[in-house]
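A short worksheet on the structure shown next.
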Amino acid sequence: MLEVRHLRFGYRAGEEVLSGVSLRVEEGEIFGLLGPNGSGKSTLLGCLTGFLRPWEGEVLVGGLELYRNPRQARQLMAYLPDTTLLWEQLTAGELVELFADLLQVARPAPRELASFGLPEEVWWQKVKSFSKGMRQRLALFLVTLRVPRVLLLDEPTTGLDPQGAEVFLRLVRSLAAQGTAVLVVTHDVFRLAPVCHRLGLLQAGQVVPYRLGEVAG
Amino acid sequence: MERATRALWRKELWELSRGWVFWVALGLLAAVTFTGLQVAAHRHREEQRLVQELATANGTRLQQAKTWRELAGETFLLFAPQSAAARLVQLASWPAYAARPQELPTPLPLAQELPPSPVQLLLFFVPLFMLVGCFDAVVGEKTRRTLPLLLGVVGSRKTLVAAKMAVRAGGLATVATLGVACGLLASLPWTAPLLGDPSFLPTCLVLLLATFLLALVFGLAAVGLSVWAEQPTQALFAGLLAYVLTTLVLPQGLASVARLAAPWPSPAALEEQSGRLLAELYRQEGEERLQVVRRWMSGGPDLQRWAQEELGRLQRHYADAVSHGLGQLAERFFLQEHRARTAAKALTALLPGELFARAVTAAAGLDEEALLGYRLQVLHYTRQLTLFLAQKQQAVAFISFEGSQARTTDAADPSQLPQFLPSPPKPRWLAVVGALSGLALWAILLALGTVVLFGRLAVR
């Protein structure tokens with residue numbers, strides 16, 4: 001479903017951050033990508049979403065090459081950034097309607113928030129009154145209004161309490177069960193590992209397979 | 001319009017209407033316009049009263065005076081014939097001159113201590129509000145990390161930035177214009193003296209249109225900077241720098257440079273030049289007669305009587321020389337000032353603030369050429385009046401010259417005064433259209449520049 005081939009990228013000439021990254025995430029699979037700070041995890045996600053243009057390599061989303069067909073490929077993807085503050089002045093309901101219109105899907109009813117662990121009354125509340133966990137779940141609800149073929153998550157459990165993280169990961173699992181390929185970039189290896197089908201380590205600009213308990217070289 | 005585009009516009013509108021900038025811009029611009037107009041109306045009333053008082057007092061004094069010398073040193077007539085629209089624009093250098101021969105080119109304190117006009121205040125505030133309101137339009141989404149979220153669902157980056165420009169810049173420009181309109185409307189009950197002028201309404205309409213365009217130009221520029229910047233502070237500082245450069249430093253700096261070429265003389269230089277000019281006039285036309293008088297004074301009684309009469313004529317000639325000399329001097333300085341202004345305008349012609357001021361000034365009928373002509377007319381009248389009084393040695397009437405025709409009226413009747421003041425120049429609509437076209441051109445250029453910035457919409 002998501003295939004990355006020999007991706008090379010750097011912010012300046014001669015300073016390569018990604019040195020030929022290759023990986024593949026199958027339909028219904030959750031792939032956990034680990035790596036130390038500054039290893040290029042967020043940069044890789046930037047390339048996968050098309051916000052950054054790699055020097056070399058290609059990204060296939062559902063068989064479509066991302067950089068040649070950005071519009072069509074993006075319609076198959078959803079991306080949740082690491083820190084989602086959302087728009088504080090808007091209510092949850094307004095945001096849901098906004099994203100439904102942007103994604104060109106039917107507007108959901110307030111009660112549908114419950115499936116993401118959000119009480120119905122938050123529909124009419126401004127986002128500035130939400131906790132971090134509520135924002136994260138609302139953001140996931142927003143980007144998955146149209147069930148994506150590929151979901152990219154950047155540090156999704158950072159700042160969440162154990163209960164909030166558990167609820168969030170359950171939602172991710174249910175999306176994978178519907179056939180979505182999920183790529184999770186994280187530090188939180190112990191919380192994410194049980195959820196992921198496979199793990200990879202981004203090291204020296206390349207992704208290598210990783211098993212829990214291994215010591216990163 | 002597509003559903004997604006409509007949704008983006010709606011989101012921007014929600015954000016704008018719920019932010020503090022919206023209400024502060026509306027309230028403060030209304031307050032600025034209201035206060036500015038109140039001050040203008042107050043000054044207008046005060047000046048009218050002063051003109052009437054001076055006309056009455058000087059009419060009596062003119063009647064009582066037997067010779068020109070008795071009038072020398074008196075402030076005997078004030079020219080302050082400003083239109084209501086001119087009050088709105090309030091050019092700081094527009095003269096309220098007293099026709100006092102030895103101080104002819106010196107504006108009265110009334111003209112020198114004028115507070116800033118509504119137009120000058122708006123020129124200062126509107127761009128500032130637009131920059132403060134729009135600088136974080138895109139970069140704010142970057143720092144909130146909501147930009148990747150939005151771009152993930154919006155098909156095109158251009159759609160996103162276009163929505164920001166249309167709603168944030170266009171919306172806030174509309175708010176600024178509404179604020180000014182509210183200020184104008186709220187001040188109507190207290191601006192009766194200004195309302196009677198037919199040029200007031202067109203000037204207000206042009207003021208509103210020019211405010212919208214000025215706001216739009218700075219709004220679009222701020223959104224463009226917001227696309228370029230990586231941090232909100234970066235966009236804010238770049239915006240403030242652009243504001244300071246285009247609104248304060250460049251116009252003032254280039255005007256100063258232009259003035260170097262045609263400097264306004266210092267009082268000492270004025271006195272020196274005035275003395276030289278008078279001495280020259282006196283030497284050329286008076287010296288010969290003085291020699292004759294001196295010869296006659298040494299003769300018999302008849303010759304001495306003729307000499308006495310000739311001396312009287314010589315005194316009148318001196319008064320004539322004073323009048324002509326100062327008049328020519330003042331004309332020369334007006335022309336110098338005009339040259340400096342024209343050069344400054346040419347140097348700053350494409351700045352948004354300059355176009356804004358030029359549009360409103362032209363609508364008020366105060367474009368530079370007409371203004372100069374008007375001032376020279378006033379000066380001409382002053383000179384002719386002084387000459388007349390000097391020749392008659394007795395002030396009985398005002399006199400005006402229309403082409404080759406002279407007209408006189410009782411000086412004691414203040415109601416006659418306005419008839420002798422030249423009418424303010426009429427609005428030159430071509431100049432208004434020209435100025436607005438220039439502003440529109442600027443807006444288009446800035447919009448194109450911003451389109452080029454679209455490529456900078458990178459997210460990390």
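The values are calculated or read from the model by the stated rules, or taken from the named source; none is laboratory data. The shown structure was predicted, so the numbers you read here are calculated from the model rather than taken from an experiment. A quick note on method: Cβ atoms are made from the backbone with ideal geometry, for glycine too, and the neighbour counts reach across all protein chains shown.
Condition check ((1) within 30 Å of A:Arg211 (Cα to Cα); (2) more than 7 Å from chain B (Cβ to nearest Cβ)) across all residues:
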| position | (1), (2) |
| --- | --- |
| A:Gly28 | yes, yes |
| A:Phe31 | yes, yes |
| A:Gly57 | yes, yes |
| A:Leu60 | yes, yes |
| A:Pro81 | yes, no |
| A:Leu85 | no, no |
| A:Arg111 | no, yes |
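Restricting the search to segment A:2-19, which residues are on the phi > 0 side of the Ramachandran plot and modelled with pLDDT under 85? Reasoning before the result, please.
Of the residues in segment A:2-19, the ones on the phi > 0 side of the Ramachandran plot are A:6, A:14.
Within segment A:2-19, just A:Gly14 meets the criteria.
Kindly indicate which of B:Pro202, B:Pro232 is under 23 Å from B:Arg18 (Cβ atoms), surrounded by fewer than 20 Cβ atoms within 10 Å (Cβ to Cβ) and in contact (Cβ under 8 Å) with a residue 60 or more places away in the chain.
B:Pro232
Is one or more of the residues making up segment A:99-110 part of a helix (DSSP H, G or I), in contact (Cβ under 8 Å) with a residue 60 or more places away in the chain and of a type in the set (D, E, K, R)?
Our first condition is that a residue be part of a helix (DSSP H, G or I); within segment A:99-110, this holds for A:99-103, A:110.
Within this subset, residues satisfying the condition of being in contact (Cβ under 8 Å) with a residue 60 or more places away in the chain are none.
Checked segment A:99-110: no residue is part of a helix (DSSP H, G or I), in contact (Cβ under 8 Å) with a residue 60 or more places away in the chain and of a type in the set (D, E, K, R).
Please go through segment B:136-153 and pick out each residue that is more than 7 Å from every other protein chain (Cβ to nearest Cβ), farther than 11 Å from B:Gln231 by Cα and part of a helix (DSSP H, G or I).
Here is the first cut: in segment B:136-153, the residues more than 7 Å from every other protein chain (Cβ to nearest Cβ) are B:136-143, B:147, B:150.
Subset that is farther than 11 Å from B:Gln231 by Cα: B:137, B:147, B:150.
Passing the criteria: B:Leu147, B:Leu150.
Looking for something crowded, with 19+ Cβ neighbours inside 10 Å, within 13 Å of chain B (Cβ to nearest Cβ), touching an Asp or Glu at 6+ places or on another chain (Cβ under 6 Å) and over 30 Å from A:Gly10 (Cβ atoms) - is there at least one such residue anywhere in segment A:115-127?
Within segment A:115-127 (the criterion being crowded, with 19+ Cβ neighbours inside 10 Å, within 13 Å of chain B (Cβ to nearest Cβ), touching an Asp or Glu at 6+ places or on another chain (Cβ under 6 Å) and over 30 Å from A:Gly10 (Cβ atoms)), the answer is yes, since at least one residue qualifies.
Can you go through A:Leu48, A:Leu90, A:Leu95 and tell me which one is within 26 Å of A:Asp188 (Cα to Cα), within 14 Å of another protein chain (Cβ to nearest Cβ) and surrounded by 15 or more Cβ atoms within 10 Å (Cβ to Cβ)? Give the steps one after another, and end with the answer.
Numbers: A:Leu90 fails: within 26 Å of A:Asp188 (Cα to Cα); A:Leu95 fails: within 26 Å of A:Asp188 (Cα to Cα).
Only one candidate passes the filter, namely A:Leu48.
Give the residues of segment A:116-129 that are touching a residue at least 24 places away in the same chain (Cβ under 8 Å) and either among the basic types (Lys, Arg) or part of a helix (DSSP H, G or I) (or both), sorted by residue number. Spell out the reasoning first.
The initial filter retains those residues of segment A:116-129 that are touching a residue at least 24 places away in the same chain (Cβ under 8 Å), namely A:116-118, A:122-128.
The answer is A:Phe116, A:Val122, A:Trp123, A:Trp124, A:Lys126, A:Val127, A:Lys128.
Quick check on my filter: what residues within segment B:154-194 are within 14 Å of chain A (Cβ to nearest Cβ) and without any contact (Cβ under 8 Å) to a residue 40 or more places away in the chain?
B:Ser156
Taking segment B:1-11, which residues are more than 10 Å from chain A (Cβ to nearest Cβ) and in contact (Cβ under 8 Å) with a residue 12 or more places away in the chain?
First, pick out the residues of segment B:1-11 that are more than 10 Å from chain A (Cβ to nearest Cβ): B:1, B:9.
Across segment B:1-11, the qualifying residue is only B:Trp9.
Does B:Leu205 satisfy the criteria of being under 20 Å from B:Leu355 (Cβ atoms) and in contact with a helix residue (DSSP H, G or I) (Cβ under 6 Å, 6 or more places away or on another chain)?
Details: under 20 Å from B:Leu355 (Cβ atoms): yes; in contact with a helix residue (DSSP H, G or I) (Cβ under 6 Å, 6 or more places away or on another chain): no.
Against the criterion (under 20 Å from B:Leu355 (Cβ atoms) and in contact with a helix residue (DSSP H, G or I) (Cβ under 6 Å, 6 or more places away or on another chain)), B:Leu205 does not qualify.
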